[in-house]
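Undergrad: Quick one: the structure is below, questions incoming.
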Amino acid sequence: MNPLIGLAALGIVAVATVLVGFYGLRISRTTSDFYVASRTVRPWWNASAIGGEYLSAASFLGVAGLIMVSGSNALWYPVGYTAGFLMLLLFVAAPLRRSGAYTVPDFTAARLGSLSARRTTSVLVVLIGWLYIIPQLQGAALAVRITTGLPGWAGSAAVVAVVVLAVMLGGMRSITFVQAFQFWLKLAALAVPALFLILLLAGRGAPSLPDAAGSIAASTQAEAPSGSFTTLDGGYRTFSILLALLFGTLGLPHVLVRFYTNPDGRSARRTTVIVLGLLSVFYLFPTAFGAMGRLLAPDLAGEGDAVAILLPERLLSGPLGTALSALVLAGAMAAFLSTTSGLLVSVAGVISQELFGGSVRGFRTAAALSALVPFAMALGVSPQALAGSVGLVFAFTASTICPLLLLGIWWRRLTPAGAIAGMVTGAVACGGALTASGVIGTGLLGEDAQHSVVAVVCAQPAAWTIPLAFAVMVIVSRVSGRTVPHDADRFLVRLHSPEPPG
């Protein structure tokens, strides 16, 4: 791709994001506007915004890359990403909306009446947000590097600058407009090129599958990402990844805060149903890109996450192929921006309330400060396969915030000590496992360690860290049963009582 065309595609999306954010500034007047858009966002609009922030670099680029390399085994990723919202619909969406909280730490404080539990939740929310932002910045670095020739850090810096500006302009109300626009841009950016390539594939006839699969196996044997599957440990990995995606969705702070913006619980449930439909349609297209790349351009497997950007120009020569690749690049930029902006809103909301008094000015200051840490970490951490790295963040979230929410909403005997013990145990166990996996992956412990059971269990820890966190939370709560909040019953009635239509 001509670097000027790549820069133009990226620039148009960045400018559109700032302009839409400026429009949001015109109608953002109160603190409630900045944190929860005054709870006036309707289901279709909110569902589009959720799709905009949830469909990250892992969904837009990473799913296609994994399917390109791993074939049908990688289909568990889009299935898990989508099915997680069904869990959210069944167990969390409406009760969380009725809690009246602005953030997840607010919910913890209201449910447990404990400053320590609130602060523990705040630290985890900020950490999860930062960990999730890193793959978005790395994806931006990859896209900018392969399409413009600029150094990767320039892409990360551009995303940080645009997102901070948009968030500071109008907070949650502004970002709602931005993310809804970006969802439909992402969908069009994948759907239009995919349909063109499918028509091309139908006209040319597909190459024989064994030949294509054999080419990929030969070219990617040493380059398979951390999320790929092998016959030896595929069963455990599949089970653990599915658990991480299903339960991790329930604890994503930037997704949860969206349900505070609905007018009532009924709207929150309708929003989730619409999101399920939108995600089901969207994931057809990265799956199609991965399958077509596997059939038609197996040599691109070495590029991994970039296959969706490179494939149109590879298969369609001339201006049409370039235009379609530029469209995919624009959609990728929208993915980086929308997810990062949602994460930054949730992190800035927590930091603002904890450190700056919760004012609009404090929110803007927190937004600027909270973007610097993941930017520095993205520059210093070696990139991995996008879908695989985001899946590990899901595992961490599922082992910490998810048990707190499920037990806090559905079990009256949860105590502050139990909540803190469960979250800390999940964080230490999951974080320790992932750290050990990284050490094993370097080869310092020998080649045998890399293929051991310990390596497999540490690489995908959700299958044991999630039950461990739940068990510790329940056991410690039973031991400290005398500290159950005195208003727990009243709070649970509030969470589960039907709301009048509004």
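The values are calculated or read from the model by the stated rules, or taken from the named source; none is laboratory data. Every value quoted in this text rests on a predicted model; they were computed, and no experiment measured them. Ideal geometry is used to build each Cβ from the backbone, glycine not excepted, and the neighbour counts take in all protein chains shown. Side chains included, ligands, DNA and RNA excluded: accessible areas come from the protein's heavy atoms. Shrake-Rupley method; radii C 1.70, N 1.55, O 1.52, S 1.80 Å.
Undergrad: Scanning for something at pLDDT 85 or above, part of a helix (DSSP H, G or I), surrounded by fewer than 21 Cβ atoms within 10 Å (Cβ to Cβ) and not charged (D, E, K, R), does region 87-105 turn up at least one residue?
TA: Yes, that holds for at least one residue.
Undergrad: If you go through region 306-317, how many residues are open to solvent by 20 Å² or more (accessible area, probe 1.4 Å) and part of a helix (DSSP H, G or I)?
TA: Total satisfying the criteria: 3.
Undergrad: Output the number of the condition that Leu355 fails; it satisfies all remaining conditions of (1) over 27 Å from Gly149 (Cβ atoms); (2) at pLDDT 90 or above.
TA: Only one criterion in (1) over 27 Å from Gly149 (Cβ atoms); (2) at pLDDT 90 or above is unmet by Leu355, namely (2).
Undergrad: Let me ask something else. With Ala110, Ala143 as the choices, which residue is out of contact with any Phe, Trp or Tyr (no Cβ under 6 Å at 6 or more places or on another chain), over 21 Å from Val347 (Cβ atoms) and either modelled with pLDDT under 90 or surrounded by fewer than 24 Cβ atoms within 10 Å (Cβ to Cβ) (or both)?
TA: Of the residues listed, the single one that is out of contact with any Phe, Trp or Tyr (no Cβ under 6 Å at 6 or more places or on another chain), over 21 Å from Val347 (Cβ atoms) and either modelled with pLDDT under 90 or surrounded by fewer than 24 Cβ atoms within 10 Å (Cβ to Cβ) (or both) is Ala143.
Undergrad: Scanning for something within 24 Å of Trp76 (Cα to Cα) and not hydrophobic (A, V, I, L, M, F, W, C), does region 404-424 turn up at least one residue?
TA: no
Undergrad: Consider Arg361 carefully, then state whether it is part of a loop (DSSP other than H, G, I, E, B) and open to solvent by 40 Å² or more (accessible area, probe 1.4 Å).
TA: no
Undergrad: For region 122-138, state whether one or more residues are open to solvent by 40 Å² or more (accessible area, probe 1.4 Å), modelled with pLDDT of 85 or more and over 19 Å from the mean Cα position of the chain (by Cα).
TA: Checked region 122-138: no residue is open to solvent by 40 Å² or more (accessible area, probe 1.4 Å), modelled with pLDDT of 85 or more and over 19 Å from the mean Cα position of the chain (by Cα).
Undergrad: Let me ask something else about it. Determine if region 318-339 includes at least one residue that is surrounded by 24 or more Cβ atoms within 10 Å (Cβ to Cβ) and over 22 Å from Gly149 (Cβ atoms).
TA: yes
Undergrad: Among the residues of region 477-497, is any more than 20 Å from Ser99 (Cβ to Cβ) and buried (at least 19 other Cβ atoms within 10 Å of the Cβ)?
TA: no
Undergrad: In this structure, does Val454 turn out to be in contact (Cβ under 8 Å) with a residue 12 or more places away in the chain, open to solvent by 30 Å² or more (accessible area, probe 1.4 Å) and not in a loop (DSSP other than H, G, I, E, B)?
TA: Considered against the rule, which asks whether it is in contact (Cβ under 8 Å) with a residue 12 or more places away in the chain, open to solvent by 30 Å² or more (accessible area, probe 1.4 Å) and not in a loop (DSSP other than H, G, I, E, B), Val454 comes out as yes.
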